[in-house]
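Written below as structure tokens is the structure these notes are about.
The values are calculated or read from the model by the stated rules, or taken from the named source; none is laboratory data. Because the structure is predicted, anything quoted here is derived from the model rather than measured. Cβ: placed from backbone, ideal geometry, glycine included. Neighbour counts: every protein chain shown. Side chains included, ligands, DNA and RNA excluded: accessible areas come from the protein's heavy atoms. Shrake-Rupley method; radii C 1.70, N 1.55, O 1.52, S 1.80 Å.
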Amino acid sequence: METAILGRTGRTVGKVGLGAWQLGADWGEVAEDDAYAVLGAAVDSGVTFIDTADVYGDGRSEQFVGRFVQDRPGLTVATKMGRRVPQEVSAYTLDNFRRWNDRSRQNLGVDTLDLVQLHCPPTPVYSSDAVYDALDTLVAEKRIAAYGVSVETCDEALTAIARPNVATVQIILNALRLKPLERVLPAAQAAGVGIIARVPLASGLLSGRYDEHTTFAANDHRNFNRHGEAFDVGETFSGVPFEVGLEAVRRLRSLVPAGATMAQFALRWIIDQPGVSVVIPGARSPEQAKANATAAGLAPLSAEAKQGVTEVYDELIRPLVHNRW
């Protein structure tokens, strides 16, 4: 698999990783055996980076990942913290960080966490000297090897990139969310900060498997968070209205190279963006995990295909969401 350096962590990772949100909750139920099958298929296909969080299934995802990696040395596991409490700046303290870290270290079965990311905290947190001092303390205490941030907006990303010890920024980037290409990716490249591209398939929209008749389970965020009822609406279908996203995918289909799927095309588009360290699609089955990893072996997309993505975005998506994030 094509590889890259993960920002200031200095670690080398495969350019397609695995997002493990779906192994915990909010995407319908995933059985334990199925979770391990997905993890195994991903790693056997060249994935070396797994992204989870302490709130995914209230630690269920971390526990699955932790048990799995015990027998798979050489993997990089990133987790996230901060969503276990009311979203107030006052909650982002060293004492809380230590408590959250201790829980994640127990779930993952490690003494030192590879990478811990602030999990889309309130915007003022990104500008707090005290928060970064606390994160530096965690590194000094060897609770964590490196830290980064997961953001909702480009402005939050740029604020974090300016900090000297932020190793990575995780941001929504896909063929329906192009705004990070303008300022965030160039700034990250210049600073040596890694970019972790999340929601790469726009919650499955860019898989090409959905239509107007598709339904989702009651406990699936694609049902209960379409308008931001539970968390930022940008996390669900990238904030694009479902019907608009379907039309965009119909237009993008003509750009997919022969022999590739719509999902692989969408992932390859992200891999081709300068500054992206790793893209983290989720997978509900071993077959999906293998197919996602295969995207890193496709040839880079043509200039015409990339221009086609921009044209679809400019016509259908930009007027609706470009200024929101």
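Could you check how many residues of the stretch 214-253 are part of a helix (DSSP H, G or I) and either without any contact (Cβ under 8 Å) to a residue 12 or more places away in the chain or open to solvent by 60 Å² or more (accessible area, probe 1.4 Å) (or both)?
Total meeting the criteria: 8.
Step by step: first the residues of the stretch 39-59, then only those that are open to solvent by 10 Å² or more (accessible area, probe 1.4 Å) and among the acidic types (Asp, Glu), then the one that is modelled with the highest pLDDT. Which residue is that? Here the residue is Asp44.
Looking at Gln273, Gln307, Gln288, just one residue is under 14 Å from Glu2 (Cα atoms) and surrounded by fewer than 21 Cβ atoms within 10 Å (Cβ to Cβ), and that residue is Gln273. Within the stretch 164-186, being over 30 Å from Arg250 (Cβ atoms) and either crowded, with 20+ Cβ neighbours inside 10 Å or among the acidic types (Asp, Glu) (or both) holds for Val166, Ala167, Thr168, Val169. For the stretch 143-155, state whether one or more residues are outside any loop (DSSP other than H, G, I, E, B) and among the acidic types (Asp, Glu). Within the stretch 143-155, one or more residues are outside any loop (DSSP other than H, G, I, E, B) and among the acidic types (Asp, Glu). Checking each residue in the stretch 257-298 for being in contact (Cβ under 8 Å) with a residue 12 or more places away in the chain, in a loop (DSSP other than H, G, I, E, B) and either hydroxyl-bearing (Ser, Thr, Tyr) or out of contact with any Lys or Arg (no Cβ under 8 Å at 6 or more places or on another chain) (or both) picks out Pro257, Thr261, Gln273, Pro274, Gly275, Pro281, Gly282, Ala283, Arg284, Ser285. With respect to being at pLDDT 95 or above, more than 15 Å from the chain's Cα centre (by Cα), buried (at least 16 other Cβ atoms within 10 Å of the Cβ) and closer than 18 Å to Ile172 by Cβ, Leu301 falls outside the description. Output yes when any residue across the stretch 60-78 is open to solvent by 30 Å² or more (accessible area, probe 1.4 Å), free of Cβ contacts under 8 Å to residues at least 40 places away in the same chain and within 16 Å of the chain's Cα centre (by Cα), and no when none is. Scanning the stretch 60-78 turns up no residue that is open to solvent by 30 Å² or more (accessible area, probe 1.4 Å), free of Cβ contacts under 8 Å to residues at least 40 places away in the same chain and within 16 Å of the chain's Cα centre (by Cα).
For the stretch 160-182, the set of residues classified as in a loop (DSSP other than H, G, I, E, B) and of a type outside the set (A, V, I, L, M, F, W, C) consists of Arg163, Pro164, Asn165, Glu182, listed by residue number.
For the stretch 299-325, the set of residues classified as touching a residue at least 60 places away in the same chain (Cβ under 8 Å) and either in contact with a Cys (Cβ under 7 Å, 6 or more places away or on another chain) or not charged (D, E, K, R) (or both) consists of Val309, Thr310, Val312, Tyr313, Leu316, Ile317, Leu320, Val321, His322, Trp325, listed by residue number.
Taking the stretch 120-145 as the range and being closer than 19 Å to Arg11 by Cα and without any contact (Cβ under 8 Å) to a residue 12 or more places away in the chain as the test, only Ala140 passes.
Inside the stretch 126-159, residues that are surrounded by fewer than 24 Cβ atoms within 10 Å (Cβ to Cβ), touching a Gly at 6+ places or on another chain (Cβ under 8 Å) and farther than 16 Å from Asp232 by Cα make up a count of 0. Of the set (1) out of contact with any helix residue (DSSP H, G or I) (no Cβ under 8 Å at 6 or more places or on another chain); (2) closer than 23 Å to Phe49 by Cβ; (3) open to solvent by 30 Å² or more (accessible area, probe 1.4 Å), all apply to Trp100 but (3). Restrict the check to the stretch 22-31 and report whether at least one residue is surrounded by 15 or more Cβ atoms within 10 Å (Cβ to Cβ), in contact with a Ser or Thr (Cβ under 6 Å, 6 or more places away or on another chain) and not in a strand (DSSP E or B). Yes: the stretch 22-31 contains one or more residues that are surrounded by 15 or more Cβ atoms within 10 Å (Cβ to Cβ), in contact with a Ser or Thr (Cβ under 6 Å, 6 or more places away or on another chain) and not in a strand (DSSP E or B). Close Cβ contacts (under 9 Å, 6 or more residues apart or on different chains) running from residues in the stretch 146-169 that are at positive phi to residues that are assigned to a helix (DSSP H, G or I) and crowded, with 20+ Cβ neighbours inside 10 Å are absent.
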